[in-house]
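Okay, structure first, notes after.
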Amino acid sequence: MKKQDCFYLGKIVSKFSFKGEILLKLDSDEIDFKKLKTIFLDIDGTIVPYSIDNIKLHKSSLLRIRFENIDNEEKANKILKIKTYLPIKDLPKLNGNKFYYHEIINFTVLDLSLGEIGKVIKVNDQTSQPIIVVSNKANEIMIPLVDDFIIELNRTEKTLTFDLPEGLTTL
């Protein structure tokens, strides 16, 4: 499995018990964690599968996990602060104007008034409001991902159409 075939699930933030259980802080809300049998950990740049022995929700955005072959604190310490991934193919399909951030990379961004703005080159979700970065020949434009601005997501044409407020972007 390669990292580009996966999506970021979250990060192992702490140990939970002396028996090797860990807490994973989720970065995704579309996961049916009860069906998870394997999670991929980024160990020194290599995606390594870890089989799950037991998993349960711990508070709202944490999973309490016991992996097979991790049965003590020492082994759990070795995977602390590790990023975790799942295969993209395991994501449930979204319909309509709902989308995953990785899905819209390289989509053409259109505005009802301005026409074609450029292509999505990345999504910044580290801010209070997710922002797409759109590149055209002249510059990069940042557009907030606000549901009320999105008119249509066309997966076939790979376009994302907005009705942006006047003055939000200048081309």
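Things worth noting here:
- Annotation: extensible slack from residue 157 through residue 53 equals 33.2 nm (criterion: 0.36 nm per residue apart, minus Cα-Cα distance).
- Restraint check, 34/119; 75/98; 37/59; 34/78, Cα-Cα greater than 32 Å: 34/119; 75/98
- Residue order, fewest to most surrounding Cβ atoms within 10 angstrom, among 71, 111: 71, 111
- Charge dipole (debye, nearest 20) of the chain; +1 at Cβ of Lys and Arg, -1 at Cβ of Asp and Glu: 860
- Alpha-carbon gyration tensor eigenvalues x 5, square-rooted, for segment 101-162, Å: 16, 14, 12
- Each of the peptides 87-97, 12-22 was scored by the mean count of other Cβ atoms within 10 Å over its residues; in descending order, highest first, they stand as 12-22, 87-97.
- For the chain, the fraction of C-alpha pairs farther apart than 19 angstrom is 62 percent.
- Potential lengthening between residue 1 and residue 97 on full extension [0.36 nm per residue; Cα-Cα distance subtracted]: 31.6 nm
- Highest-first arrangement of 50-56, 131-137, where packing means the average Cβ count within 10 Å: 131-137, 50-56
- C-alpha center-to-center spacing [segment 1-46, segment 107-142] in angstrom: 30
- Multiplying the residue separation of residue 77 and residue 139 by 0.36 nm and subtracting their alpha-carbon distance yields 17.9 nm.
- Counted by neighbouring Cβ atoms within 10 Å, the residues 40, 149 run from fewest to most as 149, 40.
Read-outs: derived from the displayed coordinates by stated rules, not from any lab. Keep in mind it's a predicted model, so treat the numbers as computed, not measured. Quick reminder, even Gly has a Cβ in these numbers, built from the backbone with ideal geometry, and neighbours come from all protein chains shown.
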